[in-house]
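See below for the structure under consideration.
The values are calculated or read from the model by the stated rules, or taken from the named source; none is laboratory data. What you see is a predicted model; the values in this text were computed from it and never measured. Cβ coordinates were reconstructed from backbone atoms using ideal geometry, including for glycine residues, and neighbour counts include every protein chain displayed. Ligands, DNA and RNA are excluded from the accessible area calculation, which covers all protein heavy atoms including side chains. Shrake-Rupley method; radii C 1.70, N 1.55, O 1.52, S 1.80 Å.
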Amino acid sequence: MTIKEVVVALTDLLGPLLEPAITLGGVSTSWAELLGFATGALTVWLVVRQHIWNWPIGVANVVLLGLVFLAVGLYADAALQIVYVLLGLYGWWQWLYGGAGRTTLTVTRTGRAEWGWLVLAGAAVTALLTAALATWTNSAVPFWDALTTALSLMATYGQCRKRVESWWLWIAVDLVYIPLYAYKDLYLTSVLYVLFLALCVAGLLAWRRDSAARPAPAPDGDAAVTR
């Protein structure tokens, strides 16, 4: 089955969610995008507060946004939502049992070795996805689609492990997504990512305070960094 056939099948199945919910300035916003806006904002707010319910609500959010991205041809972003579901389940478990002795996970900093393999993995994913999207899809923005996909995966991993620096990665992603979604006429989603950007800054400050108050060794043996 080709990518186009997958898109058609999913559109037929979930078609009602792609129906216009509101129209502003001649541009319509689907129910999927509108619900994605609401669940996305709630998810990030819950992450900032380190509330465990961010994970199930986040899974609902990525399913909705995946449908939106398929409809506008952002194929890497759409595929990324599938990975997000799996990472959401992993993060849910990690936050509950990922600490020492299967206790709840606490906020820590990213060690040098962890940064090293994350950057290498991100660069590799960006290069491979850019080539794949340029070759096998009609994506108009293959590099930016691939870059945001790679950065988002890196940030989600950090979020799953409660790494402070995951917020810096999310901030970088949002700065690319805001104009990218506006370019694709996803104006409500673009506005959502402006809100995400503000929440990411709040999350960064909150998690840094928590890390400084409860320093812990970095996972790869580096000393924890506190401020």
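Data for the structure
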quantity	calculated
Cα-based radius of gyration of the range 128-182 once divided by 2.2 N^0.38 Å, which approximates compact folds	1.23
Thr103-Val85 pseudo-label distance in nm [points 7 Å out on the Cα-to-Cβ vector]	3.5
5 Å binning of all Cα-Cα separations within the range 25-178, expressed as whole percents from 0 upward	2, 9, 16, 22, 20, 15, 9, 4, 2, 1, 0, 0
Principal axis box of the range 92-171, alpha-carbon based, largest edge first, Å	48, 25, 20
Heavy-atom accessible area per residue - the range 156-206, 1.4 Å, Å²	36
